[in-house]
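Visitor: Would you mind keeping the following structure in view while I ask a few things?
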Amino acid sequence: MAGRYATALFELARDENKLEDTEQALVALSAALDDSKDLSQLVRSPIFSAGEQSAALAAISKQAGLPTLAANFLQLLVKNRRLFALRDIITGFRKLAADYRDELTADVTSAVALSGAQADELKATLKAKTGKSITLIEKVDSAILGGLVVKIGSRMIDSSIRTKLNNLKYAMKEVG
């Protein structure tokens, strides 16, 4: 179901030459969902009525300056009671947009935010390995202690200190 909505939004944005604006709005919305427990609860919880969700999202859309296409799409999700699928729809839309631009999306988790130079170096390294342009979706998780966890499609490269310490712990258990 989320895939159908993502495809519909992608095709509409592409046809109206608003693909980049729509994707930027969805990226900002995804970040807001990550940062705000209240917004995340509004989107996921069936406790809120469609009217409450609609009014809240209209205010958020206006305040955030979301493009009309993205704001109207959110209202459609509310009307059809599909707002709970917003995260999956955003993920699907971003994948379609990346495929359209012949890019790969890499989910990167680091203990601290990457600097611009680090992100550029990582993109260049991944491009050399894959042969495609790379879009990074960065997440910060201090629990990994250091290093990176990079996911591209079904491939994952985990060079985090947490994983290395866990591997060392298991190796030490086997010896002792």
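The values are calculated or read from the model by the stated rules, or taken from the named source; none is laboratory data. This structure is a prediction, so every number in the text was calculated from the model and none was measured. All Cβ positions, glycine included, derive from the backbone under ideal geometry; neighbour counts span all protein chains shown.
Visitor: Look at Ser61 and say whether it is under 21 Å from the mean Cα position of the chain (by Cα), more than 23 Å from Glu16 (Cβ to Cβ) and either surrounded by 13 or more Cβ atoms within 10 Å (Cβ to Cβ) or at pLDDT below 90 (or both).
Guide: no
Visitor: Follow-up question, since we're still on this one. For segment 15-28, name all the residues that are on the phi < 0 side of the Ramachandran plot and either outside any helix (DSSP H, G or I) or touching a helix residue (DSSP H, G or I) at 6+ places or on another chain (Cβ under 7 Å) (or both).
Guide: Glu16, Lys18, Leu19, Thr22, Glu23, Ala25, Leu26, Ala28
Visitor: Quick test of your reading of the structure: Leu74 fulfils all but one of (1) under 26 Å from Thr7 (Cβ atoms); (2) at pLDDT below 90; (3) crowded, with 16+ Cβ neighbours inside 10 Å. Name the failing condition by number.
Guide: (2)
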